[in-house]
């Protein structure tokens, strides 16, 4: 599979050297997919990034999807450290003070065309094809809009328009993709309709984003075996708590999802203000001979 040229993504190799798209990637051992770790790292500085990296390197996940990343010294440290640990790393390239996503894979990683199809804030996402099996993994950090905490009506209107345009663009780009199995992970900055506690600051078009994924035969791994299951991945001031972080998979591979749960230790130890979502997969069924 040939890497898809894009000005919105770049690749790190095991040697930790930046690999341009016209340079062949060195051969790496490709491991079967058994676990994905999804985590909002909160655009860390260098010191916190070093602590995050140490934690990530001890998790053993074949695929790691990080959100709220930036072109910064801290996120460069994460990318380089994961590459040295044997991951192929594909990172989006957010501009200025913008944020993006990183995907690190030991199951092979070839950048996919998804990011090129995003016509609004494409640097918010990273996308790869896994080489261990026919599957596309998309990591995303959906823009927030601050809800009732926006400083002014004008600012809130701008943030709403920006977020709404991105969600619409994201669904459109997904719809234009092929039939390959997909895994969509990251911080969506939306909550499900049955969220507990209920919140009145989210609008119908935000709930519709999750409905749109369902209409494309993508399923929420966290509620796959219990539609009423509740937990939270972000805890803020004044007792606020939300489930912002998700992993959706194609209906055709839901039978491989063994477990999806939030791991709160990295949040409680102040590595981030988000808990990590861990999804365990059964091994790919052997093909008939």
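The values are calculated or read from the model by the stated rules, or taken from the named source; none is laboratory data. Just so it is clear, the model here is predicted, and its values are computed rather than measured. So basically every Cβ, Gly included, is an ideal-geometry build from the backbone, and we count neighbours across all protein chains shown.
For every residue, the table says whether it meets (1) in contact with a helix residue (DSSP H, G or I) (Cβ under 7 Å, 6 or more places away or on another chain); (2) modelled with pLDDT of 95 or more.
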| site | (1), (2) |
| --- | --- |
| 127 | yes, yes |
| 143 | yes, yes |
| 168 | no, yes |
| 172 | no, yes |
| 178 | no, no |
| 182 | no, yes |
| 192 | yes, yes |
| 202 | no, no |
| 207 | no, yes |
Subject >> Test: residue 128 is closer than 18 Å to residue 37 by Cα, touching a residue at least 60 places away in the same chain (Cβ under 8 Å) and touching a strand residue (DSSP E or B) at 6+ places or on another chain (Cβ under 7 Å) >> reply: no
Subject >> When residues of segment 95-125 are limited to those that are assigned to a strand (DSSP E or B) and touching a helix residue (DSSP H, G or I) at 6+ places or on another chain (Cβ under 6 Å), the one nearest to residue 43 (Cα to Cα) >> reply: 100
**OP:** Report yes if residue 280 is out of contact with any helix residue (DSSP H, G or I) (no Cβ under 7 Å at 6 or more places or on another chain), at pLDDT 95 or above and over 28 Å from residue 172 (Cα atoms), otherwise no.
**Re:** yes
**OP:** Would you be able to tell me the number of residues in segment 10-46 that are touching a helix residue (DSSP H, G or I) at 6+ places or on another chain (Cβ under 6 Å) and either modelled with pLDDT of 80 or more or under 30 Å from residue 236 (Cβ atoms) (or both)?
**Re:** 4
**OP:** Could you grab me the full set of residues in segment 50-74 that are buried (at least 24 other Cβ atoms within 10 Å of the Cβ) and in contact with a helix residue (DSSP H, G or I) (Cβ under 8 Å, 6 or more places away or on another chain)?
**Re:** 56, 64, 66, 69
**OP:** Name the single residue, out of those in segment 75-94 being in contact with a helix residue (DSSP H, G or I) (Cβ under 6 Å, 6 or more places away or on another chain) and surrounded by fewer than 21 Cβ atoms within 10 Å (Cβ to Cβ), that is farthest from residue 126 (Cα to Cα).
**Re:** 85
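Within segment 97-104, identify whether any single residue is modelled with pLDDT under 95, surrounded by 18 or more Cβ atoms within 10 Å (Cβ to Cβ) and touching a strand residue (DSSP E or B) at 6+ places or on another chain (Cβ under 7 Å), and answer yes or no.
Within segment 97-104, the subset modelled with pLDDT under 95 is 97-98.
Subset that is surrounded by 18 or more Cβ atoms within 10 Å (Cβ to Cβ): none.
No, the conditions are met nowhere in segment 97-104.
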Original post:
Only one of (1) on the phi < 0 side of the Ramachandran plot; (2) part of a loop (DSSP other than H, G, I, E, B); (3) buried (at least 17 other Cβ atoms within 10 Å of the Cβ) fails for residue 169. Which number is that?
Top reply: (2)
Original post:
Failed condition for residue 178, given (1) assigned to a helix (DSSP H, G or I); (2) within 22 Å of the chain's Cα centre (by Cα), with all others met?
Top reply: (1)
